[in-house]
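Visitor: Can you read through this structure? Questions will come right after.
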Amino acid sequence: NQAIGTFRLTWKDTNGDMLSEIRVQRKAEADKNFVTVGVVAPKDMTGKTISYNYTDTLTEAGVFEYRVVNVTAENTTRNSGVVRAAKSSIKGAAGVQYGEILMIDGEEVTMDYTEAFADAPAIFMGTVSNSNTGLLPGNLVTGNSRLKISYKPLPWATSTSTSYDKAESIPFFAISEGNYQFS
């Protein structure tokens, strides 16, 4: 949830009785190693598949990878596959706000402004990079109110993909309507 900066992991386990601990680990894109951000207690299975949840709050903007590490009763570890999450950034105050929309897939992103505008602001979008040659996205602001902005990439008809090969960072600028002089 980019609007509030949380990432919720949900997974199923068919053999929790054999675990002593479940660790949730996160790694920032620039980091080399995963760090444990939470521990989930294993549940008694009673012959059923059990679902687990963990919600992490992301305070910094960036692209993050997550994995679940099962620690067995024999103290060996088994790692899950890796999933990715992105947290965009918005800075500024009520009249002028700016930031970067981080995209790791072709899904819509909604973010809350740092402060509410008096009315829906005017939005100026930067350009996408050429890092994702298969998607060939254009900018599409799908929603804009005094409280939040929503964005979704608009693939060209000639696109050969519906998702990003690499994370995409799209700068934007939101400003209350009016006359301004910038120097």
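The values are calculated or read from the model by the stated rules, or taken from the named source; none is laboratory data. Because the structure is predicted, anything quoted here is derived from the model rather than measured. Cβ sites come from the backbone with ideal geometry, for glycine too, and all protein chains shown count toward neighbours. What goes into the accessible areas is simple: the full protein's heavy atoms, side chains included, and nothing from ligands, DNA or RNA. Shrake-Rupley method; radii C 1.70, N 1.55, O 1.52, S 1.80 Å.
Visitor: Using 0.36 nm per residue of separation minus the Cα-Cα distance, give me the extension gain between E60 and I123 in nm, one decimal.
Guide: Here the answer is 20.4 nm.
Visitor: Give a residue-ordered list of calculated ³J(HN,Hα) values for region 22-28 (Karplus: 6.51 cos²θ - 1.76 cosθ + 1.60, θ = phi - 60°; whole Hz; x for Gly, Pro).
Guide: 10, 10, 9, 10, 10, 9, 6
Visitor: Name the residues whose placed amide hydrogens come within less than 5 Å of the amide hydrogen of Q2, ignoring near sequence neighbours (fewer than 5 apart) on the same chain.
Guide: T110
Visitor: Assuming R0 = 45 Å, what is the FRET efficiency of T133 and T49, from their Cβ-Cβ distance, to the nearest 0.05?
Guide: For T133 and T49, the calculated efficiency is 0.65.
Visitor: Probe radius 1.4 Å, ligands and nucleic acids left out: which of D56, D165 has the largest accessible area, and how do the rest follow?
Guide: Highest to lowest solvent-accessible surface, that is D165, D56.
Visitor: Here is a follow-up. Counting only heavy atoms of protein chains, what accessible area per residue, in Å², does region 87-140 have with a probe of 1.4 Å?
Guide: That works out to 47 Å² per residue.
Visitor: Over region 1-139, what per residue volume does the convex hull of the Cα atoms give, in whole Å³?
Guide: Per residue, the Cα convex hull of region 1-139 comes to 148 Å³.
Visitor: OK, next. Can you give the accessible area per residue of region 22-72, in Å², using a 1.4 Å probe?
Guide: Value returned for region 22-72: 55 Å² of accessible area per residue.
Visitor: Can you figure out the FRET efficiency of E29 with L147, using R₀ = 35 Å and their beta-carbon distance, to the nearest 0.05?
Guide: With R0 = 35 Å, the Cβ-Cβ based efficiency is 0.75.
Visitor: Tell me the carbon and sulfur percent of the accessible area for region 1-146, rounded to whole percent, probe radius 1.4 Å.
Guide: In region 1-146, the share of accessible area belonging to carbon and sulfur is 47 percent.
Visitor: Then there is this: Want the number for T158 to A116: 0.36 nm per residue separation, take away the alpha-carbon distance, what's left?
Guide: Result: 11.3 nm gained on full extension.
Visitor: Which whole-number value in Å³ per residue fits the convex hull of the alpha carbons of region 41-93?
Guide: 124
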